[in-house]
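For reference, the structure discussed in these notes is given below.
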2 protein chains.
Amino acid sequence: MQWNSPDDIYPTRLETEQWLERRDPTFWGRWTPQAPLTREQTESFEENGYLVLTDVFSPLEVTALQEESRRIRSGESTLTAENVITEPGSNEVRTVFRLDEQNALFDRLARDERIAGRVSYLLDDEVYLHQSRLNYKPGFTGKEFYWHSDFETWHAEDGMPRMRAISASILLTDNDALNGPLMLMPGSHRSFIACAGETPEDNHKTSLKKQEVGVPSHDSLTEMADRVGIDYAAGAAGTVVLFDCNTLHGSNGNITPFPRSNAFFVYNAWSNKVVDPFAARSPRPAFLSSRNPAGPIEIAGGKLA
Amino acid sequence: MQWNSPDDIYPTRLETEQWLERRDPTFWGRWTPQAPLTREQTESFEENGYLVLTDVFSPLEVTALQEESRRIRSGESTLTAENVITEPGSNEVRTVFRLDEQNALFDRLARDERIAGRVSYLLDDEVYLHQSRLNYKPGFTGKEFYWHSDFETWHAEDGMPRMRAISASILLTDNDALNGPLMLMPGSHRSFIACAGETPEDNHKTSLKKQEVGVPSHDSLTEMADRVGIDYAAGAAGTVVLFDCNTLHGSNGNITPFPRSNAFFVYNAWSNKVVDPFAARSPRPAFLSSRNPAGPIEIAGGKLA
């Protein structure tokens with residue numbers, strides 16, 4: 001596939017914004033009584049483009065993840081500088097990338113059948129990690145993250161061909177409506193908002209702090225929110241949020257004293273591996289977009305630790 | 001009273017932060033069956049430092065207020081430039097001060113017995129407007145407003161002697177948890193957090209955009225939030241929130257498309273009129289702090305319009 005190919009079914013970074021119909025299923029499989037999600041859960045994911053799962057892990061498992069997250073943030077666990085993004089206007093750690101490669105427990109978490117097994121079922125394929133990261137939104141100064149479809153960027157800048165990827169956010173702090181939770185527009189995954197504007201070179205260097213290209217216009221966001229409303233993913237630490245790659249999401253800033261942290265894994269279908277970018281001259285670096293996965297991940301059963 | 005007087009029972013802008021006990025009642029009156037609030041409402045205000053009132057106005061009244069608010073913002077109603085504050089980083093109107101003096105309908109609203117009558121009951125005194133304003137928090141780009149006690153500033157910079165003032169926020173848009181609602185720490189009004197740091201000259205010129213002096217430390221806010229939690233005031237347009245002058249409050253930014261507007265009136269007890277500032281060389285200008293009220297406001301019964 002070529003940059004700006006006329007065959008691209010999800011063209012974006014155009015002269016004018018356009019709403020296109022989704023051309024891919026959201027749920028690729030077939031439900032059976034043996035499926036790792038109930039029929040209602042499966043239908044809810046297909047309908048809304050996300051699903052919130054509670055009581056996935058034991059309290060001991062949640063504590064182990066939180067303690068490991070603290071070690072990573074405090075520097076007790078070694079990190080590579082290029083994998084660390086700080087808050088705009090401060091040096092506080094906002095994001096640690098390549099989480100699975102840097103930490104055994106989080107690698108194990110990424111492969112857990114309670115997450116990866118369910119994603120594999122929804123995508124009806126083996127999966128690999130397109131991206132994996134640990135997000136910290138501190139109390140008091142946590143900044144907002146503006147509305148976007150991940151797929152728009154992954155398609156334009158990473159070369160992800162189709163909408164056959166699912167993100168999993170594993171909450172590591174209690175989240176409520178007030179400390180900057182993940183907000184989602186239910187059903188927004190069924191439209192592809194092709195964005196206006198050309199991709200600047202090295203766009204990811206600024207877009208990770210504040211995204212300006214590849215986001216829908218105020219008019220489109222208003223129209224979508226008026227149609228479908230806005231929901232948010234709340235829950236105790238350990239809650240898992242699965243969401244489709246094209247669901248519009250974002251989060252408000254957080255002046256409460258309560259920080260928000262989560263581990264974030266992007267699972268792409270093995271059959272949907274990235275090619276050349278569809279609307280950028282060169283792909284983003286590997287810490288944002290795994291380009292040569294050795295093979296599908298090996299799903300692991302049993303307890304984490 | 002002198003600047004930094006040793007007799008000041010609420011000293012602030014000190015070398016180090018201190019938690020002091022409140023020395024004033026929250027509810028100054030005595031409940032009777034004829035009172036304009038129920039016993040439960042009165043006790044809830046006293047206990048939490050705020051009270052949310054729904055169904056105060058008829059739908060027609062709410063529509064009239066919204067239409068008048070739109071006219072003011074659009075410039076159809078003339079404003080004095082010094083009374084208008086814009087968003088940091090843009091020219092969007094954030095706040096219009098001296099609302100009652102600039103607009104007949106909002107003047108009438110400020111004097112309505114359903115608001116002013118109840119405040120007068122809670123303060124057990126006649127009241128005047130210390131400040132009055134219209135706040136707009138736009139969709140998409142509405143900025144946060146950091147935690148603070150109004151009384152701390154009014155005492156330090158305006159010379160308000162005692163905690164005998166109540167703010168009323170009248171919601172002009174539907175508010176939910178996600179579009180930057182007023183957040184409050186229930187019960188926080190019972191402690192006075194004397195803040196560290198000297199008041200810079202003309203502090204109000206920057207503090208209205210982003211307050212840096214006169215706010216509690218992260219440690220104090222964390223301790224208070226851990227003790228009492230954080231609530232928020234949600235409701236349909238027309239909802240009225242009454243809160244004590246010393247209740248800690250703030251609001252998150254707002255990336256949703258849904259704007260947040262409210263009319264805001266600060267009622268001070270007639271017996272509590274401002275004197276010289278307690279921790280600043282000169283008082284803030286009159287649009288922030290009414291200094292020579294002609295007399296108590298005349299409370300008006302019946303419909304607004």
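Screening A:290, A:282 for residues that are buried (at least 18 other Cβ atoms within 10 Å of the Cβ), assigned to a loop (DSSP other than H, G, I, E, B) and hydroxyl-bearing (Ser, Thr, Tyr) leaves exactly one candidate, A:290. Restricting A:47, A:92, A:67 to those that are in contact with a strand residue (DSSP E or B) (Cβ under 9 Å, 6 or more places away or on another chain) and surrounded by fewer than 18 Cβ atoms within 10 Å (Cβ to Cβ) reduces the list to A:92.
Return the residue satisfying two criteria in turn: it lies in segment A:175-212 and is on the phi < 0 side of the Ramachandran plot and more than 20 Å from the chain's Cα centre (by Cα), and of such residues it is farthest from the other protein chains (Cβ to nearest Cβ). Taking the candidates together, the pick is A:201. When segment A:176-218 is filtered for residues that are within 23 Å of residue A:140 (Cα to Cα) and in contact with a Gly (Cβ under 6 Å, 6 or more places away or on another chain), the ones remaining, listed by number, are A:180, A:183.
With respect to the conditions (1) under 17 Å from residue B:20 (Cα atoms); (2) touching a residue at least 40 places away in the same chain (Cβ under 8 Å), residue B:201 falls short on a single one, namely (1). Exactly one residue among B:16, B:26, B:32, B:42 is part of a loop (DSSP other than H, G, I, E, B), surrounded by 14 or more Cβ atoms within 10 Å (Cβ to Cβ) and among the polar types (S, T, N, Q), and that residue is B:26. Picking from residues in segment B:213-223 that are β-branched (Val, Ile, Thr) and either buried (at least 18 other Cβ atoms within 10 Å of the Cβ) or within 20 Å of the chain's Cα centre (by Cα) (or both), the one that is farthest from the other protein chains (Cβ to nearest Cβ) is B:213.
In segment B:216-239, the residues that are among the aromatic types (Phe, Trp, Tyr) form Cβ pairs under 8 Å with partners that are surrounded by fewer than 20 Cβ atoms within 10 Å (Cβ to Cβ), at six or more places apart or across chains, as follows: B:232/A:177; B:232/B:177. Scanning segment A:9-68 for residues being of a type in the set (D, E, K, R), free of Cβ contacts under 8 Å to residues at least 12 places away in the same chain and closer than 26 Å to residue A:135 by Cβ gives a total of 1.
Return the residue satisfying two criteria in turn: it lies in segment B:121-142 and is among the aromatic types (Phe, Trp, Tyr) and out of contact with any strand residue (DSSP E or B) (no Cβ under 7 Å at 6 or more places or on another chain), and of such residues it is farthest from the other protein chains (Cβ to nearest Cβ). Within segment B:121-142, the match that is farthest from the other protein chains (Cβ to nearest Cβ) is B:121. For residue B:97, the requirement of being out of contact with any Lys or Arg (no Cβ under 6 Å at 6 or more places or on another chain) and either aromatic (Phe, Trp, Tyr) or over 24 Å from residue B:254 (Cα atoms) (or both) is not met. Looking only at segment A:155-187, residues that are within 29 Å of residue B:230 (Cβ to Cβ) and of a type outside the set (A, V, I, L, M, F, W, C) come to 10 in all. Summed over segment A:224-253, residues that are within 11 Å of another protein chain (Cβ to nearest Cβ), part of a helix (DSSP H, G or I) and surrounded by 16 or more Cβ atoms within 10 Å (Cβ to Cβ) total 2.
Readers should treat all values here as calculations from the given coordinates under stated rules, not as data from a laboratory. The structure displayed is predicted, hence computed values, not measured ones. Backbone-built Cβ (ideal geometry, glycine too); neighbour counts: all protein chains shown.
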